[in-house]
Every structure is written in structure tokens, then in C-alpha cells.
1. For segment 21-106, please list each of the helices (runs of 4 or more DSSP H) lying entirely inside it that holds at least 3 residues being aliphatic (A, V, I, L, M) and surrounded by 18 or more Cβ atoms within 10 Å (Cβ to Cβ).
2. Please go through segment 110-119 and give me each residue that is surrounded by 15 or more Cβ atoms within 10 Å (Cβ to Cβ) and either at pLDDT 95 or above or in contact with a His (Cβ under 9 Å, 6 or more places away or on another chain) (or both), ordered by number.
3. Which condition number in (1) in contact (Cβ under 8 Å) with a residue 40 or more places away in the chain; (2) of a type in the set (S, T, N, Q); (3) out of contact with any His (no Cβ under 6 Å at 6 or more places or on another chain) is the one that Ser107 fails?
4. Report, by residue number, each residue of segment 112-153 that is of a type in the set (Phe, Trp, Tyr), assigned to a loop (DSSP other than H, G, I, E, B) and touching a residue at least 24 places away in the same chain (Cβ under 8 Å).
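The values are calculated or read from the model by the stated rules, or taken from the named source; none is laboratory data. Model, not experiment: these values are computed from the prediction. With ideal geometry, Cβ positions are generated from the backbone for all residues, glycine too; neighbour counts draw on all protein chains shown.
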Amino acid sequence: MEHIIRFTKTERIQHILLFLSIIVLGITGFSLKYSDTSFGRWLIQFEGGIQSRGILHRISAVVLTGTACWHFLYILFSRLGHHDFMEMMWRKKDGNDFIISLRNLFSRLEKHISYNKFTYWQKIQYWIVVIGTITMIITGIALWFETTAMLLLPKYIMDIILILHGEEALLLILVLFFWHFYIVHLHPDHFPMDMIWLTGKMSIEELKSKHSLQYKEMEAELRNSQEKK
């Protein structure tokens, strides 16, 4: 079966670093936040103690920050990265697709939706992760260098930063596991796992079915290139 490369090796590595760092940050952050509970204390022991927990949390924070910077540079200096970033911008069609999807839930006659490279829910997930990651990095730096931050910021701002850091981390975990993970891996079309996150490949048949607009664009580009020859 013929395939296309949907995600490059660079994009796949960024994705792996992103979800691994967020998972470790979520677990180590959860254990600290609920350290007064039996489960929180068990997690801290599982992580090797309070000192090891802190080291794991900071290492993961550095990995997350490095991955975010890498992704930013990839968008700026890679033609494909910039193109895909512009494709992630919300458009009027995405709003219309969302409305049609809602109607399909309550209708016996399901209306087919033609998607380009990214669907509206993929765009929503992307921007939630982008905004959440930026928030976590900024608030995390303030909490990491708390003594310096306290000299520059009033206490109520630091209290807000602490709340934002914890709640944003919880939101990212929810998006990853209860939405993204289900759609990509646990959905009946992909269960038990869609291997695209490892291979980066998608079959032409799947592309035609799920991203028909992208497939038509690729066909048009192929015809144009053949005509020029």
C-alpha cells in the first residue's frame, strides 16, 4: 500500500520529547501538590524521595523548554515548519466544520466533512498545548527562581503564578490523555495504536478518507509538475 510522509523525523522527535516531558512533569508535580495524601507520599517514594522528585521535575522542565525553543526555531527557519504552522491558523471553515460535526451527532444523515492537512480539533489541541506550554514555562521559571521573583513581584502575583502553573499542567494532562490519546490511539479506527507517531507515515487511502482536501491539493500539484515537464 502506498504511503506519504505526514510527519518528518524532526517533528516526531519533537512530539516524543513533548509528551514524555509533560508526563514526567505531571506525575512529579502531582506528587508534590498532593504530598499530604497517602497517594502523594507513595508517588514521592516511587520517584526516589523528595530530592529525586525535584531533580526529575527540573530535568523535565529543561527538556520541555528546549523542545519548545526547538519547535519555535523550526517554525521560523524550516519551510515545512512554517507552512504547517500557517495551516494551524484558525479559519472560518474550521468553525463551519465544528458546527457540522455537532449537527452530525444529532442527525441520522451524517454530512461528510472534507479536511485539509489538519482538522479543527487538531488545531484546538495544538493551540491548547502551545498556550499551556508557554504558561508552564513562564510560571515554572518564576517558581524555580522564587527568591529572585519575590524581589520583583508582589506576593499575590506569585500566588496567581502558583495556581496557574498547577492548573495549566492539569489541563495539559487532560488534553493529552482524555482527548488526544483517545482520538489518536483508542478510537475504533486506530485501536490499539496508530503508529503514525513513530513512522510518520499515512496510507494514501487514509489520506483520501480523512484529509481529502490535502489529497486533492497533492494531486493538483503532481499534475502541474508533470505538465511543466
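1. 50-77
2. Result: Tyr115, Asn116, Lys117, Phe118, Thr119.
3. (1)
4. Tyr115, Phe118
For (1) without any contact (Cβ under 8 Å) to a residue 24 or more places away in the chain; (2) within 18 Å of the chain's Cα centre (by Cα), each residue gets a yes or a no:
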| site | (1), (2) |
| --- | --- |
| His165 | no, yes |
| Leu174 | yes, yes |
| Phe191 | yes, no |
| Asp194 | yes, yes |
| Gly200 | no, yes |
| Gln214 | no, no |
| Arg223 | yes, no |
